[in-house]
Every structure is written in structure tokens, then in C-alpha cells.
Amino acid sequence: MSGGGPVVALSGGVGGAKLALGLSRVLPAEELLVVANTGDDFEHLGLHVSPDLDTLMYALAGLDNLETGWGRRDETWSFMAALGELGGETWFRLGDRDLATHVERTRRLRAGETLSQVTAAFCRRLGVGPRLRPMSDDRVRTRLHTAEGWLDFQDWFVRRQCRPAVRAIAFDGAPAARPQPEVMAALRGGGLRAVVICPSNPLISIEPILALPGLREAIRGCGAPVVAVSPIIGGEAVKGPTAKMLREFGIPPGAAAVARRYRDLLDGYVMDEADAAEAAAVGVPVTLARTRMVTLADREALARTVLAAADALRRPA
Ligand code: GDP
């Protein structure tokens, strides 16, 4: 499905990576640029951990752990066990193979490489064809205001298992962060086929990306159709706290509610057949599809549907 110019895909981790993999299988490698949320990044055990970037990298490399949805496949846990014996922090699980990613990334960052350079180098080594880039090389940290006060993202997400109700979200560092330069060049360069917003949590996976100065404007001005895919199916999230968080924000969770978060950007929306009753409330042209991605064929089929929806929206030159 080539020929229409490059596609820029904005993504978080688990849900986004499924569609990113689908896109990578139906597009030539040079026509896909995947932009990863790094608001979830944190420093842990002295290491720079980039959960969404790694979920995407492992998925695109065919190294992802299909059981957990995060981390690497064929993983072993000797490091965690030994760390526990020493009384170290074990609430954030780092497998032995995954650990190598964090150790080597941290070393390279300390030696002066940017996160983009490190990611590009890892992707080359792991045989990832499409470009995968962090949303920014600068530090952005998602923080959540909860009933227990402000919490760092992973403290809330992993240690507290998303339990404390969220009242507000902040993206520390975002106002001063520069969007990744290749992403901005792609958006400003013209000739894009589409911007795809993957089925990720809007509040903590996509909105940190959109919070970067100039990015929203660049997407709006890029001239290509912007199409999002709903992460909500039948009123619920497939996995994770998306629906819970929307409820805590006073937003009844639904496919249309997610579309409204992107209202200033969207040209088209792909949502599940199960949510057909909400289509009229979306406000932009809707494509109904089976959006639950279980198999590789599901991922490819949804990727084709999204590209077809975008191509149908493209204004004739
Ligand atoms: P995280 O950063 O790991 O939380 O990952 P994302 O934000 O990218 O993904 C979480 C979202 O993905 C949740 O809202 C899920 O409902 C959604 N999701 C997961 N699997 C699927 C799927 O197969 N289809 C769709 N449409 N959404 C999915």
C-alpha cells in the first residue's frame, strides 16, 4: 500500500504498538515514521527507562512479549530475583534482556548521544525498518494529581496500579521541550499521506505528544488527513486505565469522547463496529471497523482500513 507519501503515526505503548506494527507491515519502511510518547519515561535504579519507546521498538522488531504486552519475549528474571535478595526495589519489573536496553541507553545518553540517536541505533541493530523516534529529546515527565497528591507517572501506573483517582495531569517540561526535529520536518515538509493517531490512551499517551510546543499547529498545517483510531471498544478500554481515567475526569468513556479530545485536529475517525451508535456524535467522517487487534492479520487489516480512510479524505491536488 505504498505510493502516497510518508505516514506519521503518534503512539503510546501497548495499543499504539499494535497498530504501528500493522502499519509497518503494509507500508514500505521509508514511508513510516512512528512518534513515541516519552512522558512515561523515568529514571529507575540509575537507568533511563523509556517504556512506550521500548514497547514500540520490541513490537516493530518482533521481539515483544505477547503475554505481558510489555518487555521482551523469551525473557528471564535472574536480575529481579537477585535484586530482591539484596532488598532492592522490585516494584518495576525489568527482565534480564530488557535490562540490557536500559543499561546501554543510559550509557549512551551519559556519553552525550540524544534519545533519538540511541533509539535509531538500537532500531538499526534490531532490524527495525521504519523510523521510530521519541516525541522529543528533551525531558518531559507526566505527573498525576490524585487524592494522594501529585504522583510520578510510574509510581501511579505500576506501583499503585492506577488505583488513586486522577484529578489532573501535568506534563512537566513540555512547555520548554522541542519536538523531535525529524517529526517536525516531516510535518512541515509537505507530501505527507496521513497523520495517524494510534489507539492509545488519549490522556497519558497522545496528549503528552500534543503538548509539545508547535506540534499541534504543525499537525493542523501539514496538509494531510489526520485520522485517529479509537482505543475504546464497546465503551471500555481493551486494557489499561483509559476508561477509568475518562470517568474520573467526568467524561463518560466512549469512542466519541476520545474523538472529542482531538477535535481540533481530526479529519477522520476509525472506531469499532460495536460503537456504531456513537458515530453521529463524533463530528468528523467515521469508518466503522473491527478494531480489536489479536492476530497479526488484525493489525494489518486495521492499518489498511486507516490508510484507506485517510486516502478517501485527501483533497485532490
Ligand atoms: P500504554 O502507554 O502502554 O498504556 O499504551 P497505549 O496508550 O498505547 O495503549 C493503551 C490503550 O490501547 C488502551 O486504551 C486500550 O483500550 C487500547 N488498546 C489495546 N489493545 C487494543 C486493540 O486491540 N484495539 C484497540 N482499538 N485499542 C486497543
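From the list A29, A9, A59, A20, the one residue that fits, being within 17 Å of R131 (Cα to Cα) and more than 14 Å from the ligand (Cβ to nearest atom), is A29.
Filtering G234, G221 for residues that are under 27 Å from A303 (Cα atoms), more than 18 Å from the chain's Cα centre (by Cα), without any contact (Cβ under 8 Å) to a residue 60 or more places away in the chain and within 16 Å of the ligand (Cβ to nearest atom) leaves a single hit, G234. Every test in (1) farther than 25 Å from V140 by Cβ; (2) more than 16 Å from the ligand (Cβ to nearest atom); (3) among the charged types (D, E, K, R) is passed by E67 save one, and that test is (2).
Residue count for region 249-268 under the criterion of being surrounded by fewer than 20 Cβ atoms within 10 Å (Cβ to Cβ), assigned to a helix (DSSP H, G or I) and either in contact (Cβ under 8 Å) with a residue 24 or more places away in the chain or within 11 Å of the ligand (Cβ to nearest atom) (or both): the result is 1.
Out of M245, M293, M271, one residue alone is near the ligand (Cβ under 10 Å from one of its atoms), assigned to a helix (DSSP H, G or I) and either among the acidic types (D, E) or crowded, with 18+ Cβ neighbours inside 10 Å (or both). It is M245. Does region 179-195 hold any residues that are under 14 Å from L132 (Cα atoms) and among the aliphatic types (A, V, I, L, M), and which are they? Selection gives V183, M184, A186. Quickly run through region 265-278 and pick out the residues that are touching a Ser or Thr at 6+ places or on another chain (Cβ under 9 Å) and of a type in the set (A, V, I, L, M, F, W, C). Hits for region 265-278 are V270, M271, A274. Put simply, of G129, G112 the only residue that is surrounded by fewer than 19 Cβ atoms within 10 Å (Cβ to Cβ) and within 20 Å of the chain's Cα centre (by Cα) is G129.
Of all the residues in region 274-290, those that are assigned to a helix (DSSP H, G or I) and away from the ligand (no atom under 11 Å from the Cβ) number 6. Annotation: of all residues in region 224-251 being of a type outside the set (V, I, T) and in contact with a Leu (Cβ under 7 Å, 6 or more places away or on another chain), the one that is modelled with the lowest pLDDT is M245.
Restricting the search to region 32-43, which residues are more than 16 Å from the ligand (Cβ to nearest atom) and touching a residue at least 24 places away in the same chain (Cβ under 8 Å)? L32, L33, listed by residue number.
Can you pull out the residues in region 46-56 that are under 16 Å from R97 (Cβ atoms) and away from the ligand (no atom under 16 Å from the Cβ)? The one that is under 16 Å from R97 (Cβ atoms) and away from the ligand (no atom under 16 Å from the Cβ): L47. Within region 197-218, identify whether any single residue is at pLDDT below 95 and either near the ligand (Cβ under 10 Å from one of its atoms) or in a loop (DSSP other than H, G, I, E, B) (or both), and answer yes or no. No, that holds for no residue. Within the span defined as region 65-78, one or more residues are loosely packed, with under 15 Cβ neighbours inside 10 Å, under 23 Å from L10 (Cα atoms) and without any contact (Cβ under 8 Å) to a residue 60 or more places away in the chain. For R141, the stated conditions hold: it is surrounded by 16 or more Cβ atoms within 10 Å (Cβ to Cβ), more than 13 Å from the ligand (Cβ to nearest atom), in contact (Cβ under 8 Å) with a residue 12 or more places away in the chain and closer than 12 Å to D40 by Cβ.
The values are calculated or read from the model by the stated rules, or taken from the named source; none is laboratory data. Here the structure is a predicted model, which is why all the values come from computation and not from measurement. Note: ideal-geometry Cβ built from the backbone for every residue, glycine included; neighbour counts use all protein chains shown.
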